[in-house]
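Beneath this line is the structure, given in structure tokens, with notes to follow.
The values are calculated or read from the model by the stated rules, or taken from the named source; none is laboratory data. All values derive from a computational prediction rather than experimental measurement. Cβ coordinates were reconstructed from backbone atoms using ideal geometry, including for glycine residues, and neighbour counts include every protein chain displayed.
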């Protein structure tokens, strides 16, 4: 029998004997991931991209805030929801730190629904668009077993038929976790110089969507956007699940 048959049989028996429980309400679920539909629908989704500085909503990809220019390397920032939402917070926690990779499915669906509702995204030329997940250092990725940003970015790229590259933006310094930094200035200093670009010919004049899970002070995404633009990217748009 084909190898895939045994894999399918194993998964069927595993689900039968040990069905998922929702990570938030703990009710038994029948889906392939431990988040029930009722809880998923209680995660609010914002409607469109914002200016990273003044937080005002963009109504067009050509809209510019002259008073904000020069203060950020990001052209726009898409934030799906708030990290304070307890269901989203718990889901991200189980995804990243309990290594429940299947939660990439509902989390990526949040990003997809946000983009489908976004007038800003609808104006972007898909022919000149490239999705890049924010990278982990190889040591940290090996320790966790996966890059959470890459998993959700791949699902978004597949849904919208956009190219994705995980071999362009590299994290070359295994810096201390940003969450350990006490203030915004410490976070900014901690992240300086940690990214490099490889295969930079692939991003020349591209509009890059840079995907991560959580945006706190923005220091990490700003540093990554800076490096991408210095190496030829035309615009860098941030997209995150939540703002902490």
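Remarks
- Verdict on residue 240 being within 24 Å of residue 120 (Cβ to Cβ) and touching a strand residue (DSSP E or B) at 6+ places or on another chain (Cβ under 8 Å): yes
- In the range 60-83, the residues that are touching a residue at least 12 places away in the same chain (Cβ under 8 Å) and loosely packed, with under 14 Cβ neighbours inside 10 Å: 60, 67, 71
- Contacts under 6 angstrom Cβ, first residue in the range 165-185 being within 19 Å of residue 225 (Cα to Cα), partner surrounded by 11 or more Cβ atoms within 10 Å (Cβ to Cβ) and modelled with pLDDT under 80, 6 or more apart: 175/190; 178/187
- Screening residue 138 on (1) touching a strand residue (DSSP E or B) at 6+ places or on another chain (Cβ under 9 Å); (2) in contact (Cβ under 8 Å) with a residue 40 or more places away in the chain; (3) farther than 23 Å from residue 232 by Cβ shows it passes everything except condition (2).
- Per the conditions (1) surrounded by 13 or more Cβ atoms within 10 Å (Cβ to Cβ); (2) in a helix (DSSP H, G or I), the sole criterion not satisfied by residue 127 is (1).
- Any chance residue 243 is within 18 Å of residue 96 (Cβ to Cβ), modelled with pLDDT of 95 or more and within 16 Å of the chain's Cα centre (by Cα): no
- So residue 148, is it touching a helix residue (DSSP H, G or I) at 6+ places or on another chain (Cβ under 8 Å), crowded, with 21+ Cβ neighbours inside 10 Å and either touching a residue at least 60 places away in the same chain (Cβ under 8 Å) or farther than 21 Å from residue 203 by Cα (or both): yes
- All positions within the range 16-46 that are farther than 16 Å from residue 100 by Cα, under 23 Å from the mean Cα position of the chain (by Cα) and in a loop (DSSP other than H, G, I, E, B): 41, 42, 43, 44, 45, 46
- Residue match in the range 97-110 (condition: at pLDDT 95 or above, surrounded by fewer than 15 Cβ atoms within 10 Å (Cβ to Cβ) and closer than 20 Å to residue 46 by Cα): no
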